[in-house]
Amino acid sequence: MKYRNLGKSGLKVSLISLGSWATFNEQISEETAFDCLKTAYNNGVNFFDTAEGYGDGKSETIIGRSIKKAGWKRSDLVLATKIFWGGSGPNDKGLSRKHIIEGTDASLKRLQTDYVDLIYCHRPDLETPIEETVWAMNHIINQGKALYWGTSEWSAIQVLEACHIARREHLFLPTMEQPEYHMFHRQKVEKDFLPLYEEFGLGTTIYSPLWAGFLTGKYIDGIPENSRVTLKNHQWRKDVFFSEDGMKKMDKVKKLSKIAKELNVSMGNLALAWVIKNPHVSSAITGASKPEQLIENLQALDVMEKITNEILSEIEEILDNKPAADQDWKE
């Protein structure tokens, strides 16, 4: 396993981590989830990601039980959860001080731990002032219920505002942003957040590096049984993947698969290795419905070394979607 600092913080996270979004609450049994967690841990993964909104807390409960069952030392783990969707009541959603405090307590109870290492604001809350959220997150850290905090799917402007408030009031800065990032979704990580990496030491813990399996090439010949697009809450992906634009992307995956074949690696490993090649990615959060899938994903750590500048150029030529540099109007 390889480890990177989370942005400019001193926290070390495994470059490939294990998430629990769809798999732990929709696809697999608790026993299989335990096997996946154990396989990850035994292969050096120390970062495990969940959220109060995943299966209405079910994912947190499974992770908490699994850690207790395995008997792992708490200091060997980096646990992350997210606060936003905590229930159906008027104060059970969002990033108010009330919900952040109560949601955190509920998450810790399900996880059976006194603290999480990372706590995210799962989405921006347009009805709550960012200043209220920043102060609430600072309170959670001061109470020892989390060690670091960050955001997920916030815009660069929203993260920037949070950073300015925290710096002005001498509060804890957000340490990480969790955006979607893969070969077909690049703008935020590669351009929008660039000023935040240097000025505020922001890190990213990206999700969907394989775009729900699309970048493994598994949909080239149709929809496999038990794939994510067959799940009740993910069937919208079918419309995206098999739209006119999706089919154009499918053609690019076919071309990328030829590069993977030349390197003697899987298409999925090539796509995942391309993501973690980016130095601004502190960790790539992957999902796994069985231990073997996780083992396959971990091979991307070796594939990363095979992606030379020449290979990167070949990939860029196929993707043809690199975020454009700002126009210099003086030239």
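Taken together, the values in this text are just the output of simple stated rules run on the coordinates, not laboratory data. Since this is a predicted model, take the numbers as computed values, not measurements. Neighbour counts run over all protein chains shown; Cβ positions are idealised from the backbone, glycine included.
Quick notes
- For region 116-121, 3J(HN,Hα) per residue [Karplus equation, 6.51 cos²θ - 1.76 cosθ + 1.60, θ = phi - 60°, Hz, x = Gly/Pro]: 10, 6, 10, 10, 9, 8
- When ARG167, ARG4 are sorted by how many other C-beta atoms sit within 10 angstrom of their C-beta, beginning with the fewest, the order is ARG167, ARG4.
- Among the trypsin sites (Lys or Arg not before Pro) within region 41-82, those in coil by DSSP and having at most 12 neighbouring Cβ atoms inside 10 Å are LYS73.
- Our Cα-only numbers for region 209-331 put the radius of gyration and Dmax at 15.8, 55 Å.
- Cα-derived Rg to Rh of region 77-159, Kirkwood definition: 0.93
- Taking every alpha-carbon pair within the chain, the share separated by more than 31 Å comes to 31 percent.
- Using the Cα coordinates of region 1-135, the gyration tensor eigenvalues translate into equivalent-ellipsoid semi-axes of 26, 18, 12 Å, sorted from longest to shortest.
- The trypsin sites (Lys or Arg not before Pro) of region 236-331 that DSSP puts in a loop, and whose beta carbon has at most 12 other beta carbons within 10 Å, are LYS330.
- Percentage, to the nearest whole number, of Cα pairs in region 1-58 over 13 Å apart: 63
- Under the convention that each Lys and Arg Cβ holds +1 and each Asp and Glu Cβ holds -1, the size of the dipole of the chain around its Cα centre is about 780 debye.
- Measuring against 25 Å, Cα to Cα, the residue pairs LYS191/LYS261; LYS68/LYS188; LYS191/LYS258; LYS2/LYS73; LYS69/LYS98 contain LYS191/LYS261; LYS68/LYS188; LYS191/LYS258; LYS69/LYS98 as the ones spanning a longer distance.
- Rounded if a/c under 1.5, otherwise prolate or oblate - region 107-209, Cα gyration tensor axes: oblate
- Dipole magnitude for region 1-146: computed about the Cα centre from +1 point charges on Lys and Arg Cβ and -1 point charges on Asp and Glu Cβ, it is near 580 debye.
- Cα-based Rg and Dmax for region 61-112, where Dmax is the largest Cα-Cα distance (Å): 12.8, 38
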